[in-house]
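Just so it is clear, none of the values below were taken in a lab; they were calculated from the coordinates. Remember, predicted model here, so these are calculated numbers, not experimental data. Neighbour counts run over all protein chains shown; Cβ positions are idealised from the backbone, glycine included.
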Amino acid sequence: MSTPELERAAFNSYRVTQKWVSMARGDFGARKLYTCERVKIFRAHNDSVSVREVFFLPHGIHGHNLMLTVSKKVWSILRVWKVNEVGYPMGEWGRRGVLFKNIAVNQDNESKVTVAVGMVTAEGQHTVEFLKLTPSFSFESVCSFETNLSPIALKGDLVALCDAKSKTAIFNWATSGYALLDDDDNSDTLRAKYVHQVVFAYESVLVARFLSLTLFAMPELRPGSPENAVPHGPLSKFEYGTQDGMYISLSKDQRSCKIIMREDSDPWKPQDEIYLRGYDLPFNPDYRQRPPEDQPETCPPYIFPPLLKATIPTSRGRLVATGIRLGKCGTALWVKPKPWRGVAEGMVTIPYIVPELEPPRLPSEEEREKEYVMGTVLWDSELRRGVDDCFTVDDPTMLKPIKMKTNGKREDWTCMDYDEETGIFALGHEDGVVTLCSM
C-alpha cells in the first residue's frame, strides 16, 4: 500500500469510527437520521435480473477492494467489481444452463482459491467448483468434484459443505482430506434444518442451523472415500426457535464469540414487535489442547449455552434480505422489513372475498412503507468506551438501533453485505440494481 493510499485508509477509518461512536452516544438527531454520506447506484445485471447475492472480498486481492454479485435468469452469473469503480464489471463467470446453489467466499486473501461455488446442471448433476480470481479478473477453475452438499464456509484450504438436515463435511481441497460432522439426534427428522452459517472457530467448528447451534471439535482430516467416513458427534448444542437470520463473529484470537439472531418474522403471526437477540459465547478457561488420540475430547473450547446480553427491537413483515452482518469491532447491520399492507404486498385482494367492496388503492410513494438498513454497536464494543450511559452486566440490555439507509425504490432489497473496516455496505435489488453506501 502506497503512502497516499495508507493516509486515505487511515482517515476513512477514523471517520467511520467517529460516526459509530456518535451513534453509541446518541448524538444523531432527527435531521441526521440517515448516516450514509456517499451512495453509489449501479446496474449489476441487465434485463432487470434480480441480484441474489452480494459479497465483499477480503482486502488487497490484486491490490484492490473488490466485490461480487450473483444474479440468475436462465442461468446464474457471477461478476466481480472494483468497489471504487463500479461502472462496469471487471470479470464474470458462469456456465450455460447451470444454476448456483450457494457460494462461499474465502476469507484468506492469499489462498489459491477465491470462491467455492455449489452448482446444479439442467440434467440434475450437483458439483462444487473451486475458482481462483486471476490478476486479469478472470476466474480459473482450480478443482471440482460431484456432491449434493453445498459450500457454506471457506477458509484457506478448508471448506465446509452442508446438507439441509444434519451433516456437515469438512474438506481440504489441496490434500483431499475429509471428515464428516453429524448432529442428528433422531428428533424432528422430517423438518429441514437449513444452515445459517458455519464458522471455523478455535480448534472447533460452529454450525448454526435453522433450529440449533452446534459445536464440534475440529476433526482430523483423512483421505479416502466420503461414503466411508465415520461421522463425528457434537461437543455441545444450543437449541432455539425458528430464526430468520443469524450471524456469528469471532475476535482475531478466536477466543471471543458474539452471536446475533433474529426471531421468525412470519407476517401472518400477530403484528407485535419482535427482537434481535445478542449473545456472548465465552471461551472455556478450562479448555486444554487436543487430547491424546486414545482419549475422547470432553472439555469444549466454548461454554454452552450462549449468554443473552442484549435485545434489539425490530418489526415483523415481509423480508427477502434476511442476512445479518456483525463485525469484529462490534458493529452490526441488518434490514428492517416493511409491514404487510394488503394487495400492495401480494396478499389476497379483498374484492375476491367480498365482491361488493371497492378494491384497495395502491399507496403513493409518500405513503408507501419502506425498508430500512438498521445499525447498532454491541454492548461491550470498544466503540462504547467512555460512553456515559454504560450498560449493566447482570441483565440483558436493550440496544437502540439507528436508521442507516431507507429503500426509496418499490423493489425490495434482496441481499446485503457489510465491510466494517471501510464502513461500506452493499444492497441488491429485485430489478438488478446494486446500491453501495458509505458511512
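With a Förster radius of 25 Å, plug the Cβ-Cβ distance of residue 164 and residue 73 into 1/(1 + (r/R0)^6) and report the FRET value to the nearest 0.05.
FRET efficiency, residue 164 to residue 73: 0.50.
Starting from the 7 Å offset along Cα-to-Cβ, what nm value, one decimal, do you get for the label separation of residue 121 and residue 15?
It works out to 4.9 nm between the two label points.
7 Å from Cα along Cα→Cβ at both residue 25 and residue 148: what's the point-to-point distance in nm?
Output for this residue pair reads 5.7 nm.
In square nanometres, what is one fourth of the surface area of the convex hull spanned by the alpha carbons of region 1-150?
Averaged projected hull area, Cα only: 11.8 nm².
On a 32 Å Cα-Cα criterion, which of the cross-link pairs 252/400; 165/403; 40/309; 19/309; 82/193; 40/165 come out too long?
Long pairs (Cα-Cα over 32 Å): 165/403; 40/309; 82/193; 40/165.
Suppose the chain between residue 238 and residue 88 were pulled fully straight at 0.36 nm per residue; how much longer would it get relative to their current alpha carbon spacing?
49.5 nm
Take residue 3 and residue 203, extend 7 Å from each Cα along the Cα→Cβ direction, and tell me the distance between the two endpoints in nm.
4.6
Note the full-extension length gain between residue 141 and residue 252 as 0.36 nm times their separation in residues minus their Cα-Cα distance, in nm to one decimal.
36.9 nm
Taking every Cα atom in region 121-239, find the radius of gyration and the maximum pairwise distance Dmax, and write them in Å.
For region 121-239, the Cα-based Rg and Dmax read 15.0, 50 Å.
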